[in-house]
Amino acid sequence: MNVLVIDIGGTHVKVLASGEKEKRVFDSGPALTPAKMVSQVQKLVSDWDYDVVSIGYPGPVLRDHPLREPWNLDKGWVGFDFEKAFKKPVKVVNDAAMQALGSYHSGRMLFLGLGTGLGSAFVVNGTVEPMELAHLPYKKTTFEDYVGIRGLKKYGEKKWRRLVEDVVSRLIAAIEPDEVVLGGGNVKRLKEMPPRCRVGDNTNAFLGGFRLWEDATVRGTAASAQFPSDKLPENLVEYRSEGETGETMKTNKKSLTNLKGWKALEQHLKKTKDLHLRDLFANDPKRGIRMTAEAAGLFLDYSKNRITDETLKLLCDLAEESSLRAAMEAMFTGEKINLTENRAVLHTALRAPRNASISVDGKNVVPEVHAVLDKMTAFASRVRSGAWKGYSGKRIRNMVNIGIGGSDLGPVMAYEALRDYSDRKLTFRFVSNVDSVDFVEAVRDLDPAETLFIISSKTFTTLETMTNAQSARAWLLKKFGGNTKAVAKHFVAVSTNAEKVSAFGIDTANMFGFWDWVGGRYSMDSAIGLSTMLAIGPDNFRAMLSGFREMDEHFRKTPFEKNLPVIMALLAIWNNDFLGAHTVAVLPYEQYLKRFPAYLQQLTMESNGKQLTLSGQKVNYQTGPIYWGEPGTNGQHSFYQLIHQGTRLIPCDFIAFVHSLAPLGAHHDMLLANVFAQTEALAFGKTAEEVKAEGTPDWLVPHRVFSGNRPSNTIMAERLTPEILGKLVALYEHSVFTQGIIWQIDSFDQWGVELGKALAQKILPELETEVPPKLKHDSSTNNLIRRYRKLKLK
């Protein structure tokens, strides 16, 4: 059953139907009668197929009939027969109730529409009660006169915002909802959400219209019919919970392989699978100029991928059909898109400007972000200037970051990448492995009296991190004769667990917090980056944040066909799911980026190494590819043989810079010559005829043939700066996000790392106990434990 949804507003009428990608709009206004509305809708959607109609009406409704003429339209609505006019079954509901139904997650939700007037509805356990709060008495007149369009014009935006907050607080006190959703065209005028409020997407009015024919209950409408979830328009993404705990989350989306875009790409593959990059370039002399994109100081050449213009168009269509744009907005605005953990995903808030407003659970998080940044700045300035002294009065000269996963990979990558900008008078070490060698080697040549440890653990319970932290504490106390007062001068914490931080001996004034909406692999620009700020200074750190932010804005606002992260993600999907390439080599021709591939390994594979969709179904396609790589020309003398002549297709990302940060003779020209030569060789290869023409003996010819047709991207920037590093990281962050949305997986949980850690906690006491334990593992694990216990006693 296909549904046509009509959302009638005071200035526009918007329509959308099942399976259609774009809404259509026409003007309404004081001259609009219901007959004119029906006539214009029928003309506007004459090429659409629909079986039933949902109408959101700007006024009270009972049993699918308006009870009162609208305030901002012409008369004739009361008593009008919509079913007769459309010759289809029709459900009519108050427009605010329709948007409320589409915005609903769980529990008791109050919806307020800040538009021409004030729409309102209340939802309890899926039942929608339209409310007429607009004309209740408030101050000298009514709510609507103050917070509707008349109030906005009369009082101006600043006072209007205060009035909205006052009205919302009064309604919360009276109705006691679990949350309030603010929708309507004027909600964008609010600089920050009132407490316990979240922003409603106007698109949800359409979702509510589809739900009218699904399984939700709306008072005042006719009995509902069943409407299958997979008939929802594919450009509407819904993140919703069932029940009030948010424990079970699902999305109303078709299976990826059943989408029109996926099927179109499968057909397209049949036509293009035998194309060779030699022919694609020969037939299109401007291909290498056309198939490029540039933004935020990064230049992307993707012309050496096995694609045509049609391929990219179909991939963009798949992104549209997968509701990528709506998912992006859900992420940027604080929706809880990490479904299995019921969390927002807001690493983008870590680099938001100070005047931004991003709400999580009704609270603007940006002031907290900047409070932590300011605290980091003050601390880093004291340490770098020498004002912060160790327990014995010596200046701090050595910094040791102790963390694991994102608490290590991000900081160490950033330190190595930006070493040219660091204070060379300071020494930085990074400890992550629970192998004692990692810690012992890190501190072997350091003076405890001049050393500061940064312990990075959100919970302050991470096994590996706290094991190393305790070893660091013991190492320090040995220097100071066991005097625990020294700990506070040589340890700081990046954590949220003040109790455990204090018990360790760290002054909680030197504890730098972050939030559960920051995943570890997305945290290098949070307080986890304290070591980075200590190395490069607050100004350079903030420059890095501005680079992140610039790429965020490009990703959020740019059409898909010119959007760098989207293009890279779509090419990765094409290579992975259609061409069968299950790995990506990241090859930075910049020695300072030597840890960048290792950083990307966690970002990409921990994010998208998933086999279940958001709805809990096993995927029937490939998800996250394997990321790996090495810097510069080093890899050319190790694994490039496999890339050029091996049996596997391995797409490559080459990263290069126009200017070296350490120019020396002809080194940089030689380096860049290798970048360009490698991408050319991978794309075009070398034919048997070309090899023969060089005078190669016939028996040797096959060994010297290069098949070519191996895809690569080239990413170039002028030079590696803090801003550019931020842009590069954000580029890959958003590419990973895009892939996850299209694959319909949760890119932000990491349950796969938990099982091994849990079993390790069980095995550890079995290794340490003096009495031989009763082992209940498999025969292999039992034998290994017994062998280890036996040999370690020798």
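The values are calculated or read from the model by the stated rules, or taken from the named source; none is laboratory data. A quick note: this is a predicted structure, and the numbers were derived from the prediction, not measured. Backbone-built Cβ (ideal geometry, glycine too); neighbour counts: all protein chains shown. The area values use the complete protein model at the heavy-atom level, side chains included, leaving out ligands, DNA and RNA. Shrake-Rupley method; radii C 1.70, N 1.55, O 1.52, S 1.80 Å.
What to note about this one:
- Within the accessible area of the range 362-514 (1.4 Å probe), percent carbon and sulfur: 50
- Ranked by the mean number of other Cβ atoms within 10 Å per residue, highest first, peptides 738-748, 717-727 order as 738-748, 717-727.
- Counting only alpha carbon atoms, the long axis of helix 309-321 and the longest principal axis of the chain meet at about 60°.
- The chain: C-alpha gyration tensor shape, a/c 1.5 cut-off, then a/b vs b/c: oblate
- In terms of its C-alpha gyration tensor, the range 641-746 comes out oblate, because a/c is 1.5 or above while a/b does not outweigh b/c.
- Across the chain, the relative contact order, built from alpha-carbon pairs under 8 Å that are at least six residues apart, equals 11 percent.
- At a probe radius of 1.4 angstrom, the accessible area of the chain per residue rounds to 43 square angstrom.
- For the range 1-119, the gyration tensor built on C-alpha atoms gives a rounded shape. Its axis ratio a/c (a ≥ b ≥ c) stays under 1.5.
- With a 1.4 Å probe rolled over the protein heavy atoms of all chains, the accessible area of Asp525, Asp445, Asp145 falls in the order Asp445, Asp145, Asp525, largest first.
- You can think of it this way: the chain between Lys776 and Asp279 has 172.8 nm of extra reach, that is 0.36 nm per residue less the Cα-Cα gap.
- Residues whose amide H lies under 5 Å from that of Lys91, counting only those 5 or more places away or on a different chain, are Val53, Ser54, Ile55; hydrogens are built 1.01 Å from N in the peptide plane.
- In range of the label at Asp178: residues from the range 328-345 whose backbone nitrogen is under 15 Å from the point 7 Å along Cα→Cβ: 336, 342-343
- Cβ-derived FRET efficiency at R0 35 Å, Ser381 paired with Leu767, nearest 0.05: 0.15
- Pairwise centroid distance, computed over Cα atoms, of the range 149-215 with the range 8-23, Å: 21
- The 3J(HN,Hα) values that the Karplus relation (6.51, -1.76, 1.60; θ = phi - 60°) gives for the range 728-743 are, in residue order, 5, 5, 5, 4, 6, 4, 6, 5, 4, 4, 4, 4, x, 5, 5, 6 Hz. Gly and Pro appear as x.
- For the chain, share of DSSP beta bridges that run antiparallel, in % to the nearest 5: 45
- Inter-label distance, nm, simple model (7 Å from Cα along the C-beta direction), Met1/Asn355: 5.0
- Take the Cα of Glu553, go 7 Å toward its beta carbon, and the backbone nitrogen atoms of the range 713-744 under 14 Å from that spot belong to 727.
- Of the solvent-accessible surface of the range 16-163, computed with a 1.4 Å probe over protein heavy atoms with every protein chain present, carbon and sulfur atoms account for 53 percent.
- Residue-span extension gain [Lys140 to Ala677] - 0.36 nm each, minus C-alpha spacing: 185.7 nm
- For the pair Glu266 and Arg787, the difference between a 0.36 nm per residue extended length and the Cα-Cα distance amounts to 182.3 nm.
- Pairwise FRET efficiency - Glu368 versus Lys159, Cβ, R0 = 22 Å, nearest 0.05: 0.25
- Cβ-Cβ distance of His667 and Thr292, R₀ of 25 Å, FRET efficiency by 1/(1 + (r/R0)^6): the value works out to about 0.40.
- Among 391-399, 22-30, the peptide with the highest mean count of other Cβ atoms within 10 Å heads the list, and the full ranking is 391-399, 22-30.
- Taking amide H positions as modeled 1.01 Å from N, with prolines and chain starts lacking one, the residues under 5 Å from Val584 and 5 or more places away or on another chain are Ile626, Tyr627, Trp628.
- A helix-only calculation puts the chain at -11500 deg cm²/dmol for mean residue ellipticity at 222 nm, using -39500 (n - 2.57) for each DSSP H run of at least four residues, averaged over all residues.
- Aspartates and glutamates with Cα under 20 Å of Lys394, excluding same-chain neighbours fewer than 8 positions away: Asp423, Asp445, Asp447, Glu450, Asp507
- Take 64-70, 513-519 and order them by the average number of nearby Cβ atoms within 10 Å per residue, most first; the result is 513-519, 64-70.
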